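Student: Quick one: this structure, given as structure tokens, is what I'll be asking you about.
The values are calculated or read from the model by the stated rules, or taken from the named source; none is laboratory data. These figures come from a predicted structure and were not determined experimentally. Cβ: placed from backbone, ideal geometry, glycine included. Neighbour counts: every protein chain shown. To get the accessible areas, we keep the full protein, side chains included, count just its heavy atoms, and leave off ligands, DNA and RNA. Shrake-Rupley method; radii C 1.70, N 1.55, O 1.52, S 1.80 Å.
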Amino acid sequence: MKSYIKYLVSALALSLCLLSCSKDPDVPIYSELDFHQCLRPISFKCTVNYVDVTVNLHTFPDAEAYEIEVYTSDLLSLAEGEEPYADDLIHKALVKSEDIPYTFTGPDETNCYIRCRAVNETKKRLPSEWVMGHVKTDVDPLTTCATPGDFKVKTNYNWITCTLTTMPNVKEYVIEVGTEQLPAGGEANPDILISSVALQPTDFPFTIKGIPAGTYYYRIQGRNAEEGLKPSKWVRGSFTTKDYYWMDTEGTYDYGLAVGGYKETKYDKATITAELNALFGKKGVTEGNTYTWDYITYGPLCSYSDDKFAVNRCKNWDKTSYAKDFPLESYLMLEVTRPGTMSFIPRATANTEDKMPEIVVGVLATRDGSTTFTYVYQEKLKVSPTINVKNEENRLTIEIPDDALYGITEPAKLYLFTNLQSLIIYPIKWTRTQ
């Protein structure tokens with residue numbers, strides 16, 4: 001049938017050409033063919049931008065206008081002679097050829113079945129056959145809260161960390177968590193809902209700790225009732241937690257310590273003279289070397305004298321492997337497996353603001369094969385009347401929080417080093433807090 005119609009159209013076009021080119025004055029010349037039915041639209045295309053739907057097609061001169069009907073339906077096509085359900089009609093328009101392409105506004109998040117046909121009532125032609133299209137609208141950004149599309153839940157054993165790029169037209173985010181898949185719309189079944197919380201945009205990112213091992217399902221929605229905006233659509237997902245057990249590894253600085261217990265490395269002149277001079281010589285750690293004594297590793301260019309160690313200002317860095325600059329010299333390093341506090345007595349070489357070192361403690365931690373290096377402390381030493389002498393009142397205590405160590409799969413390495421100026425330190429003390 002299609003081949004026959006194509007042949008007929010070609011034949012008519014050829015006849016029209018021959019007639020219009022004839023030199024015989026008795027042969028009528030036609031400028032158009034007078035069909036009894038409008039030509040079916042071709043190149044019919046429907047596109048959507050949020051809720052604005054644009055209908056485009058190739059127009060023909062025989063059409064006076066184009067009739068467009070839009071239905072809320074998942075239909076992709078209709079059987080011959082079948083009509084869409086009349087109650088699903090949501091938009092109807094008679095559009096002149098010069099107004100094509102034609103754009104209308106549809107409802108939010110709706111499957112739209114669109115059909116179009118050519119009409120010409122002036123010449124009493126029959127309407128053309130329908131052509132069909134299908135689109136799904138999104139939400140109107142002017143009247144609806146932005147969808148929290150990049151909401152992410154990162155798990156670390158029994159902890160989860162939630163991140164989100166918040167949007168200006170959202171005043172709060174509602175997060176619901178259940179034991180089974182939550183619905184994409186409507187109210188959640190209270191039998192499976194275990195948490196529902198409204199958060200401010202400033203609450204992100206946030207971490208929740210101690211979640212029992214298991215699989216959980218969530219959905220999140222943006223809201224702004226005070227400005228009269230419609231809630232966003234729900235974004236759904238899931239996450240799985242598992243139990244974590246702290247290590248207690250022999251050879252680490254905190255091995256065998258109970259909560260509240262401590263270990264202190266004591267330096268005295270006799271020990272240094274008898275042991276360190278014998279092992280490493282009197283010049284301290286030479287360039288390119290390290291040494292380990294009493295579970296603490298001293299990096300290149302560290303030195304010792306009597307009961308104190310000198311940590312020179314670090315000048316050599318690895319600036320590419322981690323998010324933070326990693327010291328390659330002038331550091332003290334100890335390994336731990338549990339959170340705790342590191343303390344020592346700092347001593348500056350002078351007693352003026354411009355001679356104060358910046359003290360940094362970094363944590364090199366490995367979790368499931370991925371290693372990170374982060375700073376947990378970075379502050380300039382404060383001037384005091386006794387900062388350039390040994391004084392217990394100046395003891396500095398630095399917390400190594402559980403956030404820095406939770407989930408490690410091998411002992412973490414703590415690096416103590418300085419910027420700006422050199423630093424002298426007296427006995428390091430570690431106290432376990434977890």
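Student: Among the strands (runs of 3 or more DSSP E) lying completely within segment 89-179, list those that include at least 3 residues that are in contact (Cβ under 8 Å) with a residue 40 or more places away in the chain, of a type in the set (A, V, I, L, M, F, W, C) and within 25 Å of Ala198 (Cβ to Cβ).
Tutor: 159-163, 172-178
Student: So which residues in segment 43-73 are without any contact (Cβ under 8 Å) to a residue 60 or more places away in the chain and open to solvent by 60 Å² or more (accessible area, probe 1.4 Å), if there are any at all?
Tutor: Result: Ser43, Asn49, Asp52, Asn56, His58, Pro61, Glu64.
Student: Shifting gears a bit: Take the residues in segment 88-139 that are polar (S, T, N, Q) and under 14 Å from Asn49 (Cα atoms); name whichever of them is least open to solvent (accessible area, probe 1.4 Å).
Tutor: Thr137
Student: Against the definition (closer than 26 Å to Gly261 by Cβ and crowded, with 18+ Cβ neighbours inside 10 Å), how does Arg367 come out, yes or no?
Tutor: Answer is no for this residue.
Student: Okay, moving on. Failed condition for Thr418, given (1) open to solvent by 40 Å² or more (accessible area, probe 1.4 Å); (2) within 20 Å of Leu334 (Cα to Cα); (3) polar (S, T, N, Q), with all others met?
Tutor: For Thr418, the exception is condition (1).
Student: Going through segment 214-243 one residue at a time, which ones are surrounded by 12 or more Cβ atoms within 10 Å (Cβ to Cβ), more than 17 Å from Phe151 (Cβ to Cβ) and of a type in the set (A, V, I, L, M, F, W, C)?
Tutor: Leu229
Student: For segment 375-408, give me each residue that is of a type outside the set (D, E, K, R), under 34 Å from the mean Cα position of the chain (by Cα) and open to solvent by less than 60 Å² (accessible area, probe 1.4 Å).
Tutor: Listed by number, the residues that qualify are Tyr375, Val376, Tyr377, Ile398, Ile400, Pro401, Ala404, Leu405, Tyr406, Gly407, Ile408.
Student: Restricting attention to segment 181-204, does a residue exist that is surrounded by 17 or more Cβ atoms within 10 Å (Cβ to Cβ) and in contact (Cβ under 8 Å) with a residue 60 or more places away in the chain?
Tutor: no
Student: Given the structure, is Gly210 part of a loop (DSSP other than H, G, I, E, B), small (Gly, Ala, Ser) and closer than 26 Å to Glu410 by Cα?
Tutor: yes
Student: Take segment 309-332 and flag every residue that is part of a strand (DSSP E or B) and surrounded by 17 or more Cβ atoms within 10 Å (Cβ to Cβ).
Tutor: Phe309, Ala310, Val311, Phe326, Pro327, Leu332
Student: Looking at segment 337-357 only, could you name the residues that are open to solvent by 30 Å² or more (accessible area, probe 1.4 Å) and over 24 Å from Val376 (Cβ atoms)?
Tutor: Thr349, Asn351, Thr352, Glu353, Asp354, Lys355
Student: From (1) at pLDDT below 95; (2) open to solvent by less than 70 Å² (accessible area, probe 1.4 Å); (3) touching a Ser or Thr at 6+ places or on another chain (Cβ under 9 Å), pick out the condition that doesn't hold for Ile211.
Tutor: (1)
Student: With respect to Arg367, determine if the residue is within 28 Å of the chain's Cα centre (by Cα), within 28 Å of Lys242 (Cα to Cα) and of a type outside the set (A, V, I, L, M).
Tutor: Yes: the conditions hold for Arg367.
Student: Within the bounds of segment 392-404, is there any residue that is in contact with a helix residue (DSSP H, G or I) (Cβ under 6 Å, 6 or more places away or on another chain) and among the β-branched types (Val, Ile, Thr)?
Tutor: There is no residue in segment 392-404 that is in contact with a helix residue (DSSP H, G or I) (Cβ under 6 Å, 6 or more places away or on another chain) and among the β-branched types (Val, Ile, Thr).
Student: Does any residue of segment 230-237 turn out to be assigned to a strand (DSSP E or B) and at pLDDT below 95?
Tutor: Within segment 230-237, one or more residues are assigned to a strand (DSSP E or B) and at pLDDT below 95.
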